[in-house]
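> Got a structure for you, questions after.
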Amino acid sequence: MIVAISRKEKQIKNIFRFLFVAFCLFTTTNPLHTQWIQTNGPFGGYISCFAVSGSNIFAGTYGSGVFLSTNNGTSWTAVNSGLTNNYVAALAVSGTNLFAGIEGDVFLSTNNGTSWTATGLTNTLVYALAVSGTNLFVGDYGSGVFLSTNNGTSWTAASTGLTNTYVYALAVSGTNLFAGTGGSGVFLSTNNGTSWSAVNTGLKDTIISALAFSGTNLFAGAFGSGVFLSTNNGTSWTAASTGLTNTNVYAFAVSGTNLFVGTGGNDVFLSTNNGASWTVASTGLTNYDVYALAVSGTNLFAGTEGGVWRRPLSEMAMSVKMLTTDLPTHFSLSQNYPNPFNPTTTIEFTVPNDGRATLKIFNTLGQEVATLFNDEAAAGKYNQVQFNASNLASGIYFSRVEFGGKMQVKKMVLLQ
């Protein structure tokens, strides 16, 4: 039997379908709706830092050394052979080299942590590491900043003008190097640490525990004072803590235009407007301060006193906007924008009906480097999918979306 449906009935049906889609999108993207999941370790000391290299996630612990997960935290393996102690405060990746800052030295691994060798920066208490091209910077508690241009084979002091040598955080943007100090705010060097100047207007007498760039915006996390924003390389700062209920800031993570902060009191907060406001994104985290954050693939990882926790970025940050009540009629993948990009870009795709969709990024060897979406998708345009390639080398990459047995591919150019 064939039943005729009037135009009015079709319109009503489309409206109800649109409302259902909007409800699904709200419950998917509302930070309060979904929860964190504790990964299988590592345990034995709080998680102090992360480093991401491709599909490898390294977690540094304060008491149990370095751990490696190759499967998004499903399992962790201790990788400490050669480390002289297990108090790891900083990790950094430079190409195929992995560096660990510990109490007493900086160690280098060229085989994903299978073995470590000391670089010879002795009598130090390393709190921060930063990589800029072939330069490796170390922030030390009491001795300022050190520079190596040869992967730690030799070191030179780089603290002239740094009036506070207790360095908790480092951040690099182009030729600008920033150091966050214990009680004297932020300092800037434009010559690889040869000289420093204070950039503290609005930050005087502040303990800076974290630094991060999101585009051209520089964020400083202050212990006890929340978050501050500078849009002019530290010349001036403004408070950016509206919505933060805990102002003991330990860590930042950036994913596209989404900024995450880890604080005391088992809290993670999310800002989508450069710190103008923050919303809680901590559902499921219990009784643990968040000392470290990292983005790997489609997940945000939080390091706490109780191991590593994981939560999909899509549950907190990715939004999908339905631009019209008219449902799309075809499956498509749009060109990313901007393109070329450095290091973030936005990707759009459209699906004409409900079904499972995947959006993945591949290199020129055909190796998958990131999964941005892998879920049931309601019909509509997904137009705010962010890809952060800060941990990848410059070159050509491909975005690939699959839906309903069909596939589309676009070429992207990353210029780091």
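The values are calculated or read from the model by the stated rules, or taken from the named source; none is laboratory data. For clarity, every value in this text was computed on a predicted model and none was experimentally measured. Reconstructed Cβ throughout: ideal geometry from the backbone, glycine too, with neighbour counts over all protein chains shown.
> Going through region 356-378 one residue at a time, which ones are surrounded by fewer than 19 Cβ atoms within 10 Å (Cβ to Cβ) and either on the phi > 0 side of the Ramachandran plot or in contact with a helix residue (DSSP H, G or I) (Cβ under 8 Å, 6 or more places away or on another chain) (or both)?
366, 375
> I'd like the residue in region 339-373 that is out of contact with any Leu (no Cβ under 9 Å at 6 or more places or on another chain) and outside any strand (DSSP E or B) and, out of all such residues, is farthest from residue 329 (Cα to Cα). Before you say what the answer is, go through the steps one by one.
Residues of region 339-373 that are out of contact with any Leu (no Cβ under 9 Å at 6 or more places or on another chain), as a first pass: 339, 344, 346, 351, 354-357, 362, 364-368.
Of the ones still in play, those that are also outside any strand (DSSP E or B) are 339, 354, 364-367.
On the way: 339: 26, 354: 12, 364: 31, 365: 33, 366: 30, 367: 31 Å.
Here the answer is 365.
> Can you pull out every residue in region 216-238 that is exposed (fewer than 15 other Cβ atoms within 10 Å of the Cβ), touching a residue at least 24 places away in the same chain (Cβ under 8 Å) and under 13 Å from residue 275 (Cβ atoms)?
Answer for region 216-238, where residues must be exposed (fewer than 15 other Cβ atoms within 10 Å of the Cβ), touching a residue at least 24 places away in the same chain (Cβ under 8 Å) and under 13 Å from residue 275 (Cβ atoms): just 238.
> Among the listed residues 95, 82, identify the single one that is farther than 16 Å from residue 303 by Cβ and at pLDDT below 95.
Going through 95, 82 in turn, the sole match is 95.
> Taking the options 65, 54, 41, name whichever one is in contact with a Gly (Cβ under 6 Å, 6 or more places away or on another chain), small (Gly, Ala, Ser) and more than 11 Å from residue 303 (Cβ to Cβ).
41
> Then there is this: Only one of these is crowded, with 18+ Cβ neighbours inside 10 Å, assigned to a loop (DSSP other than H, G, I, E, B) and not acidic (Asp, Glu): 209, 184. Name it.
Going through 209, 184 in turn, the sole match is 184.
> Let me ask another. Which residues, taken from region 255-271, are small (Gly, Ala, Ser) and either closer than 15 Å to residue 35 by Cα or not assigned by TED's automatic domain parsing to the domain that holds residue 218 (or both)?
Correct list: empty.
> Among 164, 150, 200, which is the only one that is modelled with pLDDT under 95 and either surrounded by 23 or more Cβ atoms within 10 Å (Cβ to Cβ) or not in a strand (DSSP E or B) (or both)?
Only one candidate qualifies: 200.
> A further question on this structure: When you check residue 276 against the structure, is it under 16 Å from the mean Cα position of the chain (by Cα) and under 20 Å from residue 237 (Cα atoms), yes or no?
In short, no.
> Scanning for something basic (Lys, Arg) and within 19 Å of the chain's Cα centre (by Cα), does region 359-377 turn up at least one residue?
Checking region 359-377: at least one residue is basic (Lys, Arg) and within 19 Å of the chain's Cα centre (by Cα).
> Suppose we filter 120, 73, 144, 113 for residues that are farther than 24 Å from residue 55 by Cα and buried (at least 17 other Cβ atoms within 10 Å of the Cβ); which single one remains?
Checking each option against the conditions leaves just 144.
> List the number of the failed condition for residue 403; all other conditions in (1) within 12 Å of residue 348 (Cα to Cα); (2) touching a Gly at 6+ places or on another chain (Cβ under 9 Å); (3) modelled with pLDDT of 85 or more hold.
The one condition residue 403 does not meet is (1).
> State whether the residues of region 49-60 include one that is over 19 Å from residue 390 (Cβ atoms) and assigned by TED's automatic domain parsing to the domain that holds residue 301.
no
> I'd like the full set of residues that are of a type in the set (Ser, Thr, Tyr) and either buried (at least 20 other Cβ atoms within 10 Å of the Cβ) or over 27 Å from the mean Cα position of the chain (by Cα) (or both), limited to region 167-178.
168
> I would also like to ask the following. Condition (residue is crowded, with 16+ Cβ neighbours inside 10 Å, touching a Phe, Trp or Tyr at 6+ places or on another chain (Cβ under 7 Å) and part of a strand (DSSP E or B)) applied to region 382-391: is it met by at least one residue?
yes
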